[in-house]
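S.K.: Would you mind keeping the following structure in view while I ask a few things?
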Amino acid sequence: MIPKQGGKTWNEIKTNDSWAIFKIMGEFVSSYEKLSQIGPCVSIFGSARTKPDMKYYKLTEEVAKKIVDHGYGIITGGGPGIMEAGNKGAHLAGGTSVGLNIELPFEQHDNPYIDNDKSLDFDYFFVRKVMFVKYSQGFVVMPGGFGTLDELFEAITLIQTHKIILVGSEFWSGLVDWIKTTLLDTFKNISTPDMDLVQVVDTPEEVIEILDKFYEEYNLSPNF
């Protein structure tokens, strides 16, 4: 006899999973239609737990403003903390402010700085991550936790370009050193050019310099 999980048999779970494909497809289609119209944007990742009086909240707001001043919109995860700071900076600068929202226990709720017609709600993390990567012309990564690291390495793996910018050398330098000494030098699990995929900076001006330099050489377009 097939054991039950949560009141459902294994076969009932399989059937439910099969029908979920249509919901996933719908989420992709709806997101493609909305995000294809927003124009060039830069995604900002970072902790939902960063408070408005903290240094990196204020720095994120400033970075977002400067990015908007240089012709880009801002995409965030739509929640509080660094995400809110990114949307706030974009909003105050009069630029496009996009939020890709997903419900998380105890943390996630929509922030008030997202454009009314550019707030998207997701049920599936993997669909949401595809949207971040497909429609972002660059990635600015502020200090954060496991979710931020997940988004960072997703971008590194899928994009393979020189437009992933880590802000805050005091936070990121240990990770970058480990990648070089352990992944590259000791175990040879990456190649030397891979180290150029990520650049660590501390100021909004450095972020803009990297973005402008990159797009002097490459066209603005969806990533795949």
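S.K.: Every residue in the range 77-126 that is open to solvent by 70 Å² or more (accessible area, probe 1.4 Å), more than 19 Å from Y56 (Cα to Cα) and touching a Ser or Thr at 6+ places or on another chain (Cβ under 9 Å), please.
M.R.: Result: D110, single match.
S.K.: Also, quick follow-up: List every residue pair whose Cβ atoms lie under 8 Å apart, where the two residues are 6 or more positions apart in sequence or sit on different chains, the first residue falls within the range 9-24 and is within 16 Å of R128 (Cα to Cα), and the second residue, located anywhere, is part of a helix (DSSP H, G or I).
M.R.: Hits for this filter: I24/V127.
S.K.: OK, next. Looking at G144, G78 in this structure, which one is closer than 20 Å to L197 by Cα, assigned to a loop (DSSP other than H, G, I, E, B) and touching a residue at least 12 places away in the same chain (Cβ under 8 Å)?
M.R.: Matching residue, one of G144, G78: G144.
S.K.: Okay, moving on. Just one of the numbered conditions (1) within 25 Å of R49 (Cβ to Cβ); (2) modelled with pLDDT of 95 or more; (3) open to solvent by less than 30 Å² (accessible area, probe 1.4 Å); (4) not β-branched (V, I, T) is not true of A155; which one?
M.R.: Among (1) within 25 Å of R49 (Cβ to Cβ); (2) modelled with pLDDT of 95 or more; (3) open to solvent by less than 30 Å² (accessible area, probe 1.4 Å); (4) not β-branched (V, I, T), A155 violates only (2).
S.K.: Is it true that V133 is crowded, with 17+ Cβ neighbours inside 10 Å, in a helix (DSSP H, G or I) and at pLDDT below 95?
M.R.: It is true that V133 is crowded, with 17+ Cβ neighbours inside 10 Å, in a helix (DSSP H, G or I) and at pLDDT below 95.
S.K.: For F28, indicate whether it is touching a residue at least 12 places away in the same chain (Cβ under 8 Å) and touching a Ser or Thr at 6+ places or on another chain (Cβ under 7 Å).
M.R.: Against the criterion (touching a residue at least 12 places away in the same chain (Cβ under 8 Å) and touching a Ser or Thr at 6+ places or on another chain (Cβ under 7 Å)), F28 does not qualify.
S.K.: Can you find, within the range 182-218, the residue that is modelled with the lowest pLDDT among those that are farther than 27 Å from T60 by Cβ, in a loop (DSSP other than H, G, I, E, B) and open to solvent by 50 Å² or more (accessible area, probe 1.4 Å)?
M.R.: S191
S.K.: Moving on to the next point. Can you pull out the residues in the range 158-181 that are modelled with pLDDT under 95 and on the phi > 0 side of the Ramachandran plot?
M.R.: Across the range 158-181, the qualifying residue is only Q160.
S.K.: With respect to I44, is the statement that it is within 29 Å of E209 (Cβ to Cβ) and open to solvent by 10 Å² or more (accessible area, probe 1.4 Å) true?
M.R.: For I44, the condition - within 29 Å of E209 (Cβ to Cβ) and open to solvent by 10 Å² or more (accessible area, probe 1.4 Å) - is not met.
The values are calculated or read from the model by the stated rules, or taken from the named source; none is laboratory data. Only a predicted model underlies this, so the values are computations on that prediction, with no experimental measurement involved. Positions of Cβ are backbone-derived with ideal geometry, glycine not excepted, and every protein chain shown enters the neighbour counts. To get the accessible areas, we keep the full protein, side chains included, count just its heavy atoms, and leave off ligands, DNA and RNA. Shrake-Rupley method; radii C 1.70, N 1.55, O 1.52, S 1.80 Å.
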